[in-house]
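Notes follow once the structure below has been shown.
The values are calculated or read from the model by the stated rules, or taken from the named source; none is laboratory data. No experiment lies behind these values; they were computed from the predicted model shown. Note that each Cβ is placed from the backbone with ideal geometry, even for glycine, and that neighbours are counted across all protein chains shown. Side chains are part of the model used for accessible areas, which takes the heavy atoms of the whole protein and leaves out ligands, DNA and RNA. Shrake-Rupley method; radii C 1.70, N 1.55, O 1.52, S 1.80 Å.
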Amino acid sequence: MSAFDRKTKEKAFFIGVGALTILIFIPLFHIIATVLIKGFPVIAERGTKFLTGTLSEGGIGPAIAGTFILTFLSALLGLPVAFLVGVYAYEYPKSTLGQWTKTLLQIMIEFPTILVGVFVMQVVAVPMGTYSALAGALALAIILTPYVAVYTHEALREIPSTYREAGFSLGLTRAKVVFRILAPMAKRGILTGVLIGMAKVTGETAPLLFTAGGLYESYPTSITKPVGAVPLLIYQLVQSPNPADHATAWGASLVLLLIFLGIFIPIRLSLKEVRL
């Protein structure tokens, strides 16, 4: 094969890879553009009332507040557990419990989230006699956990074993080696898992159908009472035959997209890579 043929095939390969890469991102850009085109006029027309008013006033203020409450509570409940589970799976990979932990985490990632909602409804909402922010947050925390745990496990695995051995040679305990040396070095991967997990639960709808209940005519005042959420509101609005409800759903979709991008992009860009 001549040098010319090799260069031609190499260029064709890179052109093909580049074209396929662009094709992968086309659906994402199409979704963003569609939500922006259909949602922005609604927000521009209704102004600040859309972001602060109740549903009867043409706004989604309670739903926005509920989304932040549910995301915060689910992170508060799920992140510590997820991090410790990921650390355990890393520290004891050959133990029976460690192997079962990794297997169960993979299963939980693919587990239907609507079943998580049904489970939490039976163990929390039914005994309490009401939907609540607490039940919704617990369901979302269960969904959040495997993503953060798996990313924590994988991020720690990428750290060369020499750093671990160096920590032990200095007389540090296993806990200090993990939390003072390895975890800070793996923070980029760990926080990526946190962001992906939080993005996942921020847009979840199915488990909230059985746990949160929905609250759109007043702002939430207690975690033991029903609460609304933007994705849950969108789901309910698109089932209405009223075009005004559909317009509100498009505006709410744009708000949900902006919440996600506003949290994910700045934090992701601010993470500095640890060079080993």
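Summary table below
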{"read-out": "Proximal lysines relative to residue 176, as straight alpha-carbon distance under 19 Å, when same-chain residues fewer than 8 apart are discounted", "value": "187"}
{"read-out": "Sequence-distant residues sharing a close amide H with residue 60 (under 5 Å, placed H)", "value": "51, 52, 53"}
{"read-out": "Among (1) 19.3, 65; (2) 22.8, 77; (3) 20.8, 71, the entry derived from the coordinates for Rg and Dmax of the Cα atoms in Å", "value": "(2)"}
{"read-out": "Kyte-Doolittle mean at least -0.5, axial Cα span of 18 Å or more - DSSP H helices of the chain", "value": "3-46, 61-91, 96-110, 133-157, 187-202, 243-270"}
{"read-out": "Among 111, 50, 83, residue whose mean-square fluctuation peaks in a GNM of the chain (springs only between Cα atoms under 10 Å)", "value": "111"}
{"read-out": "Selection from 42, 247, 67 lying farthest towards where the dipole of the chain points positive, charges on Cβ", "value": "67"}
{"read-out": "DSSP loop trypsin sites (Lys or Arg not before Pro) with at most 12 other Cβ within 10 Å: longest gap in the chain", "value": "95-271"}
{"read-out": "For the range 121-137 and the range 1-65, distance of Cα centres in Å", "value": "36"}
{"read-out": "Lys/Arg +1, Asp/Glu -1 at C-beta; the range 59-271 dipole; positive extreme among 144, 207, 236", "value": "144"}
{"read-out": "GNM top mover of 71, 145, 221 - the chain, alpha-carbon springs below 10 Å", "value": "221"}
{"read-out": "Heavy-atom SASA rank of 67, 52 (probe 1.4 Å, accessible area, largest first)", "value": "52, 67"}
{"read-out": "Nearest-20 debye value, the range 1-117 charge dipole, Cβ charges on Lys, Arg, Asp, Glu", "value": "360"}
{"read-out": "Check: the range 59-271 dipole with +1 on Lys, Arg Cβ and -1 on Asp, Glu Cβ, in debye", "value": "740"}
{"read-out": "Listed residues 168, 13, 25, most fluctuating in the chain (Gaussian network, C-alpha, under 10 Å)", "value": "13"}
{"read-out": "Cross-link partners of residue 225 among aspartates and glutamates (Cα-Cα below 17 Å; sequence separation of 8 or more within a chain)", "value": "217"}
{"read-out": "Proximal lysines to residue 38, defined as alpha-carbon separation beneath 21 angstrom and excluding residues fewer than eight positions away on the same chain", "value": "49"}
